[in-house]
Amino acid sequence: MILFAPEPTRNATTTADRESTSQTTRSGIIRRLAFACGALVVFGSISIAVTEICMRRYMSFDPLGWYEKTSDPILFYRLTASIADLDHGKQRTQNAQRIRGTREYAQTPPNGVYRTLWLGDSACCGSCIGDDETAPAIIEKLARKRNQSLEAINLGVVGYNIRQVREVFRQRSSEFHNPATVVYYHHINDIINAPWWRLAPSIPHQLRRDYDPPAPWLRSTLRRSALVQYLAHTSIVHRLRFGPRSANTRTKKPTDTTRLCLNLYASQNEHAIKFNENLKTLAKNVQESGANFVVIWWPTRYAESDPNYTTARDNLRKWTSETGADLIDLTTQFSIGDQNLLYVDPDHPSRQGQHLIAEAVLATLENEQ
């Protein structure tokens, strides 16, 4: 008589059940993790999108008030009128005519006064320097010392490219009549939309399509993100990226933007073609107004060390010559001078650099008279 039967199947079943339960548990954990990750991605994407929209809509275009938005599709921002304060520790004034400087000008120049209009971007407007340190302000002082009557109306606006510079002359020449000479204070980055971080997310589609620098799609997308640009330009990130001194000063090489732009000038690409077309149109409009046209070429810091520098400069010389304009090439003057004295940063001349430009322009004007 067998009292207890062997139970091998129970142990086998129990082991199988445990394995099945373990697999079910792992599958459940994986599903929950996948769901959590998916929810996190969706929630994060929505949060980023909402933040981006809010920043574009409500973040101040310029918290310091130097610039204001407009509905113009080309000049979609401009200098704010009647504002004065310190900018980078320097006195900055924008008068009621939306001109950098304290002086205001009549619609028509007084008798015997030689009027010049100055077109350009931040270098012309005078980034990081005082009201009396811009080339237009300096050339007026130089002329007065020589008993010459000269007006230099500074129509430069930070960040404008060649298309916007051309539009400035078209619109604002109706405010300031009878210029004897129009000076295009050319800046190497005029060939593209300037990398001004607050400006980038607001650039209208047409300007973005035609003048944004060539870049992979991801970089182009990030360039247009208000959130990314804001985070990238916080003081903490800026210190981590550049340290107490800029990489440009440490390596004595041109900035990435300068190298990119010089390559565009030197190459026969769509950016070079557009720049040449705009330059010719600007020159034609200036000459139709009865004024002489002068173009300034000056190197940003260490730009002449770039292998494309000479070709880029020669191409601009050729394009300028084809328009019948005068080109003032200041490569030598800036190259032999003290780089620490001639520049306030890698992209802008100091008071001493502006003085070199003003002297060169005045000498050209005197030779023309």
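Put simply, the amide H of Asp212, placed in the peptide plane, has neighbours under 5 Å in Asn193, leaving out anything fewer than 5 places away on its chain. Applied to region 79-85, the Karplus parametrisation 6.51 cos²θ - 1.76 cosθ + 1.60 on θ = phi - 60° returns per-residue 3J(HN,Hα) values of 5, 6, 7, 6, 9, 8, 5 Hz, with x for Gly and Pro. The long axis of helix 256-266 is offset from the longest Cα principal axis of the chain by roughly 60 degrees. Of all DSSP bridge pairs formed entirely within the chain, close to 35 percent run antiparallel.
Compute the angle between helix 162-172 and the longest alpha-carbon principal axis of the chain, please, reported from 0 to 90 degrees and rounded to the nearest 10. Here the helix axis deviates by roughly 50 degrees.
If you take every residue apart from Ile328 with its C-beta less than 11 Å away from the C-beta of Ile328, what net charge results, scoring Lys and Arg +1 and Asp and Glu -1? Residues near Ile328 contribute -2 overall.
Measuring between their Cα centroids, region 23-42 and region 72-118 lie 61 Å from each other. Close amide H pairs (under 5 Å, H built 1.01 Å from N) link Tyr114 with Ser149, Leu150, Glu151, residues at least 5 positions away or on another chain. Panel order for Arg98, Arg219, by other beta carbons found within 10 Å of each beta carbon, from fewest to most: Arg219, Arg98. I need the Debye-formula profile for the chain: one equal scatterer per C-alpha, no solvent, reported as log10 I(q)/I(0) at q = 0.07, 0.08, 0.10 1/Å, two decimals. These q points yield log10 I(q)/I(0) values of -0.38, -0.47, -0.67. Here is how the number arises for the chain: DSSP H runs of 4 or more residues each give -39500 (n - 2.57), the sum is divided by the residue count, and the result at 222 nm is -15500 deg cm²/dmol.
Neighbour counting of Cβ atoms within 10 Å sorts the residues Leu155, Leu316, Leu231, Leu79, fewest neighbours leading, into Leu231, Leu79, Leu316, Leu155.
Ordering Phe293, Phe76 by the number of other Cβ atoms within 10 Å of each residue's own Cβ, fewest first, gives Phe76, Phe293. Across the chain, the mean sequence separation of Cα contacts (distance under 8 Å, 6 or more residues apart), normalised by length, yields a relative contact order of 16 percent.
No value in this document is a laboratory result; all are computed from the given coordinates. Note that the coordinates shown come from a computational prediction; the quantities given were computed from them, not determined experimentally. All Cβ positions, even for glycine, are placed from backbone atoms using ideal geometry, and neighbour counts span all protein chains on display.
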